[in-house]
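*Asks:* Structure below; questions to follow.
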Amino acid sequence: MSNSLTADAPVPFGRRLRRLMSDRPLIPLILLLVLLVVVLQILRPGIVNERWIANTIKFAIPLAILAGCQTMAMLTGGIDLSVSTSATMAAFIMATQVVNHDPSVAIAIALVPPVLIGLANGIGIGVFRVHPLIMTLGTSLIGSGFLQVYQRTVIATGTSVPPGLAWLGTGLTYGVPNALLLFVPVAGFILFLLNRTGFGRLLYAVGDNERAARLAGVAYWQVITALYVLSGLLSGIAGLLYVGLIKAPSLSLADPLMLPSVAAAVIGGTSIFGGRGGYTGTIVGALILTVLTTLLTILQMPEGARRILFGLIVLLVTAAYLRIIEDR
Amino acid sequence: MPALHHPLVDPTSKSRGKPVTTDPILIATGVAKHYGAVAALRDASLSVLPGEVHALMGANGAGKSTLVKILTGAVRPSAGSIRIRGREHTVRSPAEARRAGLVSVYQEPSLIPDLDVLANLRLTDTPVEPFRAFVEELGVPDLDLSETARDIPLAVLRVLDLARALAIEPDVLLLDEMTAALPANLAERVLDVVKRQSRSGRSVIFISHRFIEIQALCDRATILRDGETVGVVDIVPRIEERIVELMLGAKVEKTRIRAAATTGASPIAAGPARLAVRHLQVGTKLNDVSFDLANGEVAGVVALEGQGQDELFAVLSGSIRPSGGEVLVDGARVAFAHPADAIQAGIAYVPGDRSEALLGHRSVRENIALPFSARLRNWGPIDMRREQQTVLKAIERLQIDTRAQREVQRLSGGNQQKVTIARWVAAGARTILCFDPTRGIDVGTKRQIYQLMRELAGQGHSVLYYTSELEEVQLVCDRAIVIFGGRVVDVLPVALADEAALTRAAYGLPRDAAPAGVLAGTQDGAAAP
Amino acid sequence: MTRFLRRRGWVAGLFVLLALLFVATKIIQPGYGAGDFASLSRAVLPYAFAVAAQTVVVIAGGIDLSVAAMMALTSVTAAAMMNGASPEFALFVVPFVLLLGFVLGAINGILIIVTRVPDIVVTLATLFILQGAALLVLNAPGGSAAEWLKAMVVGTVPLPLLPEAVTAWFPKALLLLVVCLGIVWIPLKRSKLGLSLYAIGSSELAAFRSGVPVARTRILAYAFSGLFGAMGGLALTMSTGIGAPIPGPYLLASVAAVVLGGVTLGGGRGGLVGPIVAVFVLRLVRTDLTLMALDPNVTTIIEGVIMVVVVMLGAFLAMKGRRS
Amino acid sequence: QGTYTIGVSNTVQGNGWREEMICAIKAEALASGKVAKLNIAHRNTDAAGQSEDIRNLISAGVNAIVVNPADPSGVNAALKEATDKGIVVVAVDQAVTEPSAYVVSNNQEQYAYLGAKWLFQQIGGKGDVVYMRGAAGASADSDRDKGFKKALAEFPDVKVVHEVFTGWQQDQGKQQILDFIATGTPFNGIWTSGIDNVIVDALVESQTPLVPVVGADNAGFVGQLNTVPNFTGAAVTNPGSIGAAGVTLALQILDGKKPATQTVLVDPQLWENATEEGKAKLKAAADPSLSPEWPVSISIPGWTDYTKEQIVACKGPGE
Ligand SMILES: Nc1ncnc2c1ncn2[C@@H]1O[C@H](COP(=O)(O)OP(=O)(O)OP(=O)(O)O)[C@@H](O)[C@H]1O
Ligand SMILES: Nc1ncnc2c1ncn2[C@@H]1O[C@H](COP(=O)(O)OP(=O)(O)OP(=O)(O)O)[C@@H](O)[C@H]1O
Ligand SMILES: [Mg+2]
Ligand SMILES: [Mg+2]
């Protein structure tokens, strides 16, 4: 009965498909995600259930927020290697301060250091023109050093994770992760920022052609400083959510998210050279990486082989995706 | 179009009458090159004989540079064939072209910025002694080979580029607007050297907009129009008219008429000058420059390459700070630390190089709306509807072809230039500094820009208009301010600003002196790069 | 003179800094002498090779995140091959491992050229791949090194005719470092390939137009990075006598030292001497911090601050230079 | 006050266990009254970096070095240089193969064997277990693997259904076990290499049956053993205070009291909550005021002299 629909489609299907994909780069990315999920389901039938999906989303969210910081930095041609340190700082400081303070006060205190790190990054990169890689690496070292020193002073205090954060991090409501309550507004904010605000426009502008932006009256240092401060703040929020999920504050809590946050942004189609990309792709990129981690955990093979496979798949996905969207 | 006439070349001292019976050394046929929607070349062909100086001519954007890049492997053609000494060649890289005997001096310098001259020579296997000899012959006597290319002035870099190409002793030398950025004395020497090159049996493909050079040097010319070869002519006396006809096609007459019709409005002379420059000083580049720009005036700036006009525009647009003097806007003293300050004072800058002003990967809309969000207080949510209206109005007003509006880099050069101007029309800048806005733009678009300038002036805007094409002064401007050696040497009312007068003034000659008498003096003045 | 200062000023400044640090060390620990300098040289060895590996690609306008993983893989390969084998067999192991590094590095470069994925992402992926491969070779620290190899980094160079008080200041490790780096770097820098590396880092377009085979040069840059990485791996095996599959802290250290050493991220400028001196500076700072018995956590902060401040200073000087 | 200067070298920073070890060393040095100054090199590095630190400590002129080795044989050359100079070297936590060094070590192989054996008995000698290891390529991990495999060999009906490396990272461990739970594969018990409390959290959060879990004596996990209803498990001690034992041994040797053997093994204990006796031990050991990552066995009888306040204050001599 359906043959009547296909009657007038003489344009070669392949060509149209390619065009569609290069115009809407999100489609191939989502297809890649679905492909990974299907492979997972084939390897472990039954794993793709409601609970697994909820878990995947829970773990993808903090990564997606950090990758959001990375996306914004990369849009300006930068990179932020201090996101994981910022996240860890916020988490650890909150968990130790909450013992003596009200959770809201503890959270406010915990968000100060990440913002300061962001401010230092912004000034170093925006005013002194230090390479972002080096600047954020340096502040991340300094930040973790301060955290170590701080840790010594609070050993007697102990740590705790406020129930509210644990509920947000681990809880489900009707099978839906509560973390979405935080993530949907955060993601909405980032998307709105990038697409509908002057500041978002300037991130793209500065990364695309810094000189042109300057000639149009844009003060580079203002944009960059605001960007890295925002990045610090969002990293801190991601850290708080993450400690709610893991419920074990440690001095290396978010470190394993550092490289994946860069990878998620790149897989999501944001150019490391600036000016091109967006946050929707990054969210899918974070999901792809989380599913990939599951896939490799489930596969019974030597750890070495797992890592090789991880590297290969990241490279393949990025290369394939670049091919698809560049083919115009 | 011819820009500045070259007073230094004696058109009679040319070797002519070589036999043309030999087989061509280089034949290109049906060459095409597409950049996305843009067709840089459609169907170009070229045939060069041994020992010939062959001119490649065409309006801006006709595709000359692209053809040169294809011939030397710097760019891959979309179609076409290249035969060198009768054999089919696929030239994949400049290195390969060089092995086949083709060496080019491109429009932009191609020395490695971070290497010193010697290293640059080694990189290209250029013998040092011949290179040194050529450099001296080309008029740069005491070159330090250990100087880093980044620190060498543009004009000298061009000479080095040429000397390097010559030292390799190519069979075919391709020179893309070699003389455009050179002071007159250096340009003359280039012509001498090229001439000798052809006498020793080597071929030269020579691109220039200056008829006088073509006349002095070339045997034949291939003319390109909109990416197609439209004719090949022998260079004989009085061939210029024919070449212009070929270059511009049917458009030529129309341009003249329409453009002339747009001129004639006079400045609104009320209140203090919109922009006043007093005793402006920028290092050794600008010296005691003073002039006024009235409300509703289009003031032309005329200068040879590198006479300080870049610095003047950079100061007025807030890109650099002057070392002395002052700038007044509406009678009030201003000091710009950043382009944002100039924009705040209502002064917008349209750079000559479009790539300096545009966000290549972003949409037309974002490019036009960029200044709206530049300032801190406009970082918040964008009123998308209002923005859309403003942008559409500007697009309509400038008649921008927005078929490829998703990425500005895919627009044609003329439309890109319109976008850079539209931005400031939309933002409502009262004073616009245009630096050679018609560079690389086709004749029709040029006309639209002339009209727009007059319209803006009519609405009370002020325009400072630098142009390298002298005839534009009478088409667009109310006045011509001539700068030479960093000083204002003359201010001509539009009626007097014909090409001959402007040329004389641009070379620093007094208004009514005979050109021939002062030649020697000119050379010294223009030499300092 | 001014040109010398402009070009070599940064490196000269580093040498001055290093000299000042030696003076400071002597003040902190009056007994600091030749033996301690030998220790410093041995500590510098793996870092120096890591930095050399990073320097080559950074000069060529790239970056290599797989440096430390490359060292881990080559180190475990060498240690596993020499385990239980005869000392003579090690004569074969060394060139084999160096070749392995060269080839793996070249593969990095080829992947960058073929996939057109940015170098930072490709080398991030190969970081995981090389790490995984190292774990497949040895799943825990182990293996061994031939005694003669281990001896190559211990003791001093017996220079004839010189009194021992002088030869004591020529540790073998330093000699090994200078020879290994010199034997590769000096011919490389003098060759056309070396020029081409600088050329593609300085301006890829200008390099292409000057006839530089850009793709091949990029691949070779990564290949040499792999070679230096393999030297670093061998240095690890030589100084510890084992191979460890978990990469050490060499990646970030290499990027930091490259920048401190005056090589601009982005390419085209700098040399190998600066980064190597920077390694000495960083190692000596670490020594001083230990000698001063400072709170160990504070040392992390100090190292971070030094890095940021020195780089900011450099950026600030560059900015002033551009203005004037 | 004391007269000795003691150097410390440690290669993992920011991990609760190692931080406790450093604090124990400081507290013991202070409590002993014999130490004038501690010189601590404490950072993330490998065997080569540790050799550098050891040599720096030699340069600093310390009397003894307490070292938690990155590898049993990778720092031998540096240790030999130290002992040649008459410096007393004590390796803690892990043994070193350098014969001139003394060793006060937690017995890692026994650690794994004890816990695994208890787990396999607890599930009735047969069933499926999840094996959550430490960091791939670390030597403590491969020692523990030997112990685990030894116990496994004694229970032919026990099968490992899932083996994974947590990298000793809490977040990775948690995601890994949640992923595995999602596969729906049944399992009867979990052995962890010290990433333990997040695993119990994961079981509770995902409302899967609480199978027996073996972990270390980390404060968080010990608390769970005491408080989580219907949860059986065992904590195997792996005291971070072993560092203090190293200081004590070094001071004894410096005072001329050489031990009978070069190597002292501190054997682990197992506290389980399946029996009343075990519950009592756990109650006694629990210490909710400690950071969940800190082992609760903050002292080793006969080897440490400080009070809880002193180790928590984490202050060495002269601070
Ligand atoms: N990389 C590119 N991408 C898109 N369009 C291009 C590119 N390079 C050239 N073009 C377009 O191709 C056309 C021909 O350019 P080309 O530089 O060959 O002109 P030309 O004749 O040398 O002009 P001019 O006299 O200004 O030097 C122009 O319209 C230009 O905008
Ligand atoms: N988001 C927008 N969408 C459309 N047009 C805009 C937008 N923002 C600014 N404009 C237009 O750009 C011009 C300059 O706006 P802007 O708010 O920068 O002015 P301003 O320099 O701050 O002026 P004032 O001093 O009057 O506040 C105005 O013509 C305005 O209509
Ligand atoms: Mg031109
Ligand atoms: Mg051109």
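*Asks:* So in the protein assembly as shown, which Cys have no other cysteine's beta-carbon sitting under 4.7 angstrom from theirs?
*Replies:* A:CYS69, B:CYS218, B:CYS434, B:CYS477, C:CYS180
*Asks:* What shape does the range C:12-129 have by the C-alpha gyration tensor, where a ≥ b ≥ c are the square roots of the eigenvalues, rounded means a/c under 1.5, and otherwise prolate means a/b greater than b/c and oblate the rest? All intermediate terms of the calculation are to be shown ahead of the outcome.
*Replies:* Values: a/c = 3.20, a/b = 1.38, b/c = 2.32.
Since a/c reaches 1.5 but b/c is at least a/b, the shape of the range C:12-129 is classed as oblate.
*Asks:* Here's another thing I want to ask about it. Can you give me the Rg/Rh ratio for the range C:107-170, using Cα atoms for both radii and the Kirkwood formula for Rh?
*Replies:* Details: Rg = 21.1 Å, Rh = 16.1 Å.
Reported Rg/Rh (Cα atoms, Kirkwood Rh): 1.31.
*Asks:* Hey, what do the phi angles of the range C:265-276 turn into as Karplus ³J(HN,Hα) couplings, whole Hz, using 6.51/-1.76/1.60 and θ = phi - 60°, x for Gly and Pro?
*Replies:* Once rounded to whole Hz, the list reads 5, x, x, x, 10, x, x, 8, 4, x, x, 5.
*Asks:* Give me the percent relative contact order of chain B, please, defined on Cα pairs under 8 angstrom at least 6 residues apart.
*Replies:* Details: 1070 pairs, mean separation 86.0, N = 529.
RCO, chain B: 16 percent.
*Asks:* How charged is the neighbourhood of D:GLN170? Take every other residue with its Cβ under 13 Å from the Cβ of D:GLN170, and add Lys/Arg as +1 and Asp/Glu as -1.
*Replies:* Working: positive: A:LYS247, D:LYS174; negative: A:ASP255, D:ASP171, D:ASP196, D:ASP201, D:GLU293.
Here the charged neighbours net out to -3.
*Asks:* What share of all Cα pairs of chain C, in percent, falls into each consecutive 20 Å distance bin?
*Replies:* 31, 59, 10, 0
*Asks:* Quick check: at a probe of 1.4 Å, how many percent of the accessible area of chain B sits on carbon and sulfur atoms?
*Replies:* Working: 10700 of 21160 Å².
Summing carbon and sulfur atoms, their accessible area is 51 percent of the total for chain B.
*Asks:* Which whole-number percent gives the relative contact order of chain D, counting Cα pairs below 8 Å spaced six or more residues apart? List each step's numbers first, then the result.
*Replies:* On the way: 708 pairs, mean separation 73.4, N = 319.
That works out to 23 percent.
*Asks:* Do any trypsin sites (Lys or Arg not before Pro) in the range D:101-175 lie in a loop, going by DSSP, with at most 15 other beta-carbon atoms within 10 Å of their beta carbon, and if so which? Provide the component values of the computation, followed by the final result.
*Replies:* Working: sites: D:LYS117, D:LYS126, D:ARG133, D:ARG144, D:LYS146, D:LYS149, D:LYS150, D:LYS159, D:LYS174; in loops: D:LYS126.
Loop-located and lightly packed - D:LYS126.
*Asks:* Could you give the longest part of chain A that holds none of the chymotrypsin sites (Phe, Trp or Tyr not before Pro) found in DSSP loops with at most 15 neighbouring Cβ atoms within 10 Å? Don't skip to the answer; put the middle values down first.
*Replies:* Details: sites that count: A:TYR174, A:PHE273.
After excluding every exposed loop site, the longest remaining stretch is A:1-173.
*Asks:* Right, something else. Around D:THR263, which amide H atoms from residues at least 5 apart in sequence, or from another chain, sit under 5 Å from its own amide H, with H modelled in the peptide plane?
*Replies:* Correct list: D:VAL103.
*Asks:* Can you give me the convex hull volume of the Cα atoms of the range D:202-311, divided per residue and expressed in Å³?
*Replies:* Numbers: hull volume 12.6 nm³, N = 110.
Hull volume normalised by residue count: 115 Å³.
*Asks:* Something else about it: Please give me, ordered by residue number, the trypsin sites (Lys or Arg not before Pro) of the range D:20-114 that lie in loop per DSSP and have at most 12 other Cβ atoms within 10 Å. If you can, show how the numbers build up before the last one.
*Replies:* Values: sites: D:LYS26, D:LYS34, D:LYS37, D:ARG43, D:ARG55, D:LYS80, D:LYS85; in loops: D:LYS34, D:ARG43, D:LYS85.
Here the sparse-neighbourhood loop sites are D:LYS85.
*Asks:* Taking amide H atoms as placed 1.01 Å from N in the peptide plane, list the residues 5 or more away in sequence, or in a different chain, whose amide H sits under 5 Å from that of A:THR197.
*Replies:* Those qualifying (amide H under 5 Å, at least 5 residues apart or on another chain) are B:ILE382.
*Asks:* Also, I was wondering about something else. May I ask for the Kirkwood hydrodynamic radius of chain A, worked out over all distinct Cα pairs and given in angstroms to one decimal? Walk me through the intermediate numbers first.
*Replies:* Numbers: mean 1/r = 0.0478 Å⁻¹.
One over the average 1/r among Cα pairs gives 20.9 Å for chain A.
*Asks:* Let me ask another. Hey, can you grab everything whose amide H is under 5 Å from the amide H of C:SER203? Only 5+ residues off in sequence or another chain; H modelled, so Pro and N-termini drop out.
*Replies:* none
*Asks:* Per DSSP helix of 4 or more residues, -39500 (n - 2.57); summed, then divided by the residues of the protein assembly as shown. What does that give at 222 nm, rounded to the nearest 500? Write out the running numbers ahead of the final one.
*Replies:* Values: 57 runs with 791 residues, N = 1500.
Calculated mean residue ellipticity at 222 nm is -17000 deg cm²/dmol.
*Asks:* Which three extents, in whole angstrom, do the alpha-carbon atoms of the range A:132-221 cover along their principal axes, largest first?
*Replies:* 55, 42, 17 Å, listed from the longest principal axis down.
*Asks:* Hey, what angle do you get for helix A:13-23 against the long axis of chain A, alpha-carbon based, 0 to 90 degrees rounded to 10?
*Replies:* 20 degrees
*Asks:* Which one, A:ALA91, A:ALA219, A:ALA263, has the greatest fluctuation when you compute a Gaussian network model over chain A with C-alpha springs under 10 angstrom?
*Replies:* A:ALA219
*Asks:* While we're on this one: What percentage of the solvent-accessible surface of chain D, computed with a 1.4 Å probe over protein heavy atoms, is contributed by carbon and sulfur atoms? Don't skip to the answer; put the middle values down first.
*Replies:* Numbers: 5180 of 10190 Å².
Solvent-exposed carbon and sulfur of chain D make up 51 percent of the total.
*Asks:* Out of the trypsin sites (Lys or Arg not before Pro) in the range B:211-250, which ones are loop residues according to DSSP with at most 12 other C-beta atoms within 10 Å? Don't skip to the end; give the middle numbers.
*Replies:* Details: sites: B:ARG220, B:ARG225, B:ARG238, B:ARG242; in loops: B:ARG238.
For trypsin sites (Lys or Arg not before Pro) across the range B:211-250 that sit outside H, G, I, E and B with at most 12 neighbouring Cβ atoms in 10 Å, the list reads B:ARG238.
*Asks:* If you plug each phi of the range B:416-421 into the Karplus form 6.51 cos²θ - 1.76 cosθ + 1.60 with θ = phi - 60°, what whole-Hz ³J(HN,Hα) values come out, in order, with x for Gly and Pro?
*Replies:* Karplus values, whole Hz, x for Gly and Pro: 4, 4, 4, 4, 5, 7.
*Asks:* A follow-up question, please. If one computes P(r) from the Cα atoms of the protein assembly as shown, what percent of pairs lie at distances over 49 Å?
*Replies:* Details: 484166 of 1124250 pairs.
Counting every Cα pair in the protein assembly as shown, those more than 49 Å apart make up 43 percent.
*Asks:* Past 23 Å, Cα to Cα, is the threshold; run D:LYS80/D:LYS258; D:LYS281/D:LYS315; D:LYS281/D:LYS308; B:LYS64/B:LYS195; D:LYS146/D:LYS283 against it and keep the listed order.
*Replies:* Numbers: D:LYS80/D:LYS258 18 Å; D:LYS281/D:LYS315 29 Å; D:LYS281/D:LYS308 18 Å; B:LYS64/B:LYS195 21 Å; D:LYS146/D:LYS283 31 Å.
In this structure, D:LYS281/D:LYS315; D:LYS146/D:LYS283 exceed 23 Å between Cα atoms.
*Asks:* Shifting gears a bit: Which whole-number percent gives the relative contact order of the range B:26-248, counting Cα pairs below 8 Å spaced six or more residues apart?
*Replies:* On the way: 442 pairs, mean separation 64.3, N = 223.
With pairs under 8 Å counted, the relative contact order is 29 percent.
*Asks:* For the range A:253-267, in order, what is each residue's ³J(HN,Hα) by Karplus, 6.51 cos²θ - 1.76 cosθ + 1.60 with θ = phi - 60°, in whole Hz (x at glycine and Pro)?
*Replies:* Once rounded to whole Hz, the list reads 3, 9, 3, x, 8, 4, 5, x, 5, 5, 4, 4, 5, 5, 4.
The values are calculated or read from the model by the stated rules, or taken from the named source; none is laboratory data. In this text the structure is predicted, and so the values were computed from the model without any measurement. Using ideal geometry, Cβ is built from the backbone for each residue, glycine included, and neighbour counts are taken over all protein chains shown. Only protein heavy atoms, including side chains, enter the accessible area calculation; ligands, DNA and RNA are left aside. Shrake-Rupley method; radii C 1.70, N 1.55, O 1.52, S 1.80 Å.
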